[in-house]
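As C-alpha cells, the structure follows; a few thoughts come after it.
The values are calculated or read from the model by the stated rules, or taken from the named source; none is laboratory data. Since the model is a prediction, treat every value here as computed from it, not as a measurement. Using ideal geometry, Cβ is built from the backbone for each residue, glycine included, and neighbour counts are taken over all protein chains shown. To get the accessible areas, we keep the full protein, side chains included, count just its heavy atoms, and leave off ligands, DNA and RNA. Shrake-Rupley method; radii C 1.70, N 1.55, O 1.52, S 1.80 Å.
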Amino acid sequence: MSASSLRSFEYLEGLPGTTFNRLYKQPSTALAIFRRMLPHLAKSFVMALLYISHPMPVTDLEAWVRPDGRRERDNAVNLLERLHILAAATNPGKPRAYALTNPFAASLRLALTGGGNHHSFGVPYSTSEEDTMSIADLDEFARRQWEGVLGYMVGSTGMNVASEGVTLSQGVKILLASGRLVEARGKTVDITKDGFAFILQEVNAQVWTMLILYLQNAESLNMDEVDVLAFLFMLGSLELGLPYSKANLTQTQANMLEDLGDFGIVYQASPDSSYFYPTRLATTLTSDAGGLRSSSFASPADNNRGFIVIETNYRVYAYTSSNLQIAILQLFARLITRYPNMVAGKVTRESIRRAVSMGITSDQIISYLTTHAHPQMAKNQPVLPPTVVDQIRLWQLEGDRMKATVGFLFKDFNSQAEFQAPCRYAEEIGVLVWKHEGQRKFFVTRHEQVAAYLRNKSGKGG
C-alpha cells in the first residue's frame, strides 16, 4: 500500500459503520476503494463473492489460498472487515460464512456494469471553444497553486518562494497550522517536523494529507463529512481535460470547489461558473502514486530529482534554479553563493541545530539528501559520505537525547508461548518497536492487526 493509500485508509478505518453505509451508496466511492485500497488477494475475494447470492463458507474461501499463504489471507479478510466490505454470516447449525455488505456490493456491480441515474461519476458539461481549458493550462494552474502552498510552508527561510499570482486564502493557512505542518510564532511562520516530512512526500501523498486535514475540519466548516468524502472519490474518477457540471452537486460539494481551487485540485473560471475542471491533482487521487510522477505535472521535487552533491568537508552544491528547492535546502544548510543554475553552501553544526529546533530530524535531512543526490553521487555505496551522515546525527544528539514514539503496549501474557506468537506477528508486519521477553511485554506503533490476530487465535482456542 502506497503512502497516500495508507494515509487515506487510516482515516477511513476510524469512521463508524453508519458512515460507510452512506458512503457506499455512491458507485464511484465503492469503485475507488476497491481499486486503490485493496491488495490483490482482497480484490479476488470481493470479485468471487460479488455475483453470488448466498454467503461463502469459510472453508471454501480458505481453499482458494495455498497453505503457506494463510497470513496473507487473514490480513486480506481482516482489511475487508475493517472497511465494512465483508461481514461474517452466522446461522445456527451452519458453518461460518462470509458475504459482501450492502450497499457496497450493489454499488460496485453498478460501477462495473454501468447504468442508473446516480451521476456518481460526474456529468460532462459543454463549453464554448474560447472557454475551454487545455490539459497544459490545467497542469500549469495546478503546479502554480500547489507550489504556492509549499512555498508558504518553507517561507521561514526568508526567500521569496511564493508562486507568481498566487495568494493563499486565510483558510488554507489555518488548515496548515491546525495540521501542525507549520507553526505561527508572532508574525513569522516556521515549518515543523511534520511539515518537513510532508515536503518529502510525493505529490499524491501530499494532496491526500491535505485533504484529510480538510476532512477533519469538515464539521467546523458546517460540511457533511460523507458529502466531502464522496466528492473526493468522485473527483478521482473524472477525466482530465473535460469540464463537468455543478448542477448535480450538493451544497457541501459546491462550497468545496472554491477551497479545492486554492490547492489547485479543481479549476473554476469564476465562483459563479456553471462548470468546473478537475486538474491532474484530482484525477490521480484514486490512481497509483507512480502515475503522477510519470505525467507532465510534477512538483519541483520531482523535476529536480538528483541535483545535490555533498562532499566529505560538508560542502553542498545544488544544481537547481528552483526557489522552492533552494528554500528547502536552506532549512538545514548555510548557503553561501548562488549562480543562475546552482547554489553552493555548507552543512554546519549551527544549520543542523537550527533545523532540529524547528522539529526537523537528522533522519529526515539524510533521507532528503539521499533521495535528491546527483546521479554521480547515486553511484556510490553508500550514497552519502559516512562521515557526513554520522556528524549530522551527532549534531542532533547534542540537544536531543530522547525520542518519543506513539504506540501501544501489550502485556500480561499468561505464558511465554502466548507472548511469542503475537510478538513475532507484530515484527513480521513491521509494527514492532520494542519487546522484553522476560517481562512478556512488547510495544507497537499500530494495534488493530495485532488485536485482530489475538482475537482470531483466541476464537480458535489458542
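Entry comment: accessible area of segment 129-236 is 43 Å² per residue, from protein heavy atoms only and a probe of 1.4 Å. Does segment 313-462 come out rounded, prolate or oblate by the C-alpha gyration tensor, with a ≥ b ≥ c the root eigenvalues, rounded set by a/c under 1.5 and, if not, prolate when a/b is larger than b/c and oblate if not? Judged from the Cα gyration tensor, segment 313-462 comes out prolate (a/c at least 1.5, a/b above b/c). Calculated FRET efficiency, H54 and T312, Cβ-Cβ r, R0 51 Å, to nearest 0.05? Given R0 = 51 Å and the Cβ-Cβ separation, E is 0.15. Decide, for segment 213-290, between rounded, prolate and oblate: order the square roots of the alpha carbon gyration tensor eigenvalues as a ≥ b ≥ c, take rounded if a/c falls under 1.5, and otherwise choose prolate if a/b is larger than b/c, else oblate. In terms of gyration-tensor shape, oblate. Greater than 28 Å separation of Cα atoms is the criterion. Which listed pairs, K25/K246; K43/K94; K193/K441; K43/K457, meet it? In this structure, K193/K441 exceed 28 Å between Cα atoms.
Counting only protein heavy atoms and a probe of 1.4 Å, the accessible surface of the chain is 49% carbon and sulfur. If you look at the Cα atoms of the chain, you get an Rg and a Dmax of 24.9, 79 Å. For D194, the accessible surface of its heavy atoms amounts to roughly 80 Å² (probe 1.4 Å, protein chains only, rounded to the nearest 10). Taking all protein chains together, D259, D137 sort by accessible area into D137, D259, largest first [probe 1.4 Å].
Ordered by 1.4 Å accessible area with all protein chains kept, D262, D60 run largest first as D60, D262. Using modelled amide H (1.01 Å from N, peptide plane; none on Pro or chain starts), what sits under 5 Å from the amide H of Y98, excluding residues fewer than 5 places away? Under 5 Å from the amide H of Y98: M56, V58, A89. For segment 116-225, the list of GluC sites (Glu not before Pro) that fall in a loop by DSSP and count at most 15 other C-beta atoms within 10 angstrom reads E164. Of all lysines in the structure, the ones whose alpha carbon falls short of 24 Å from that of K187, not counting any fewer than 8 places away in one chain, are K173. At an R0 of 22 angstrom, the distance between the Cβ atoms of E130 and A254 translates into a FRET efficiency of 0.35. Across S220, S273, the residue with the most accessible area heads the list, and the full order at a 1.4 Å probe is S220, S273.
Determine the shape class of segment 1-72: with a ≥ b ≥ c the square roots of the Cα gyration tensor eigenvalues, call it rounded for a/c under 1.5, and otherwise prolate if a/b is greater than b/c, oblate otherwise. Taking the square roots of the gyration eigenvalues as a ≥ b ≥ c, segment 1-72 is oblate.
Converting phi to 3J(HN,Hα) with the Karplus coefficients 6.51, -1.76 and 1.60 and the offset θ = phi - 60°, segment 339-347 yields 10, x, 10, 7, 10, 10, x, 8, 7 Hz in sequence order, with x at every glycine or proline. Computed from backbone phi, the HN-Hα couplings of segment 101-111 come to 7, 10, x, 4, 4, 5, 5, 5, 4, 5, 5 Hz, rounded to whole numbers (Karplus: 6.51 cos²θ - 1.76 cosθ + 1.60, θ = phi - 60°; Gly and Pro given as x).
Just from its helices, what would the mean residue ellipticity at 222 nm be for the chain, if runs of 4 or more DSSP H residues each count -39500 (n - 2.57) and the sum is divided by every residue, rounded to the nearest 500 deg cm²/dmol?
-14000 deg cm²/dmol
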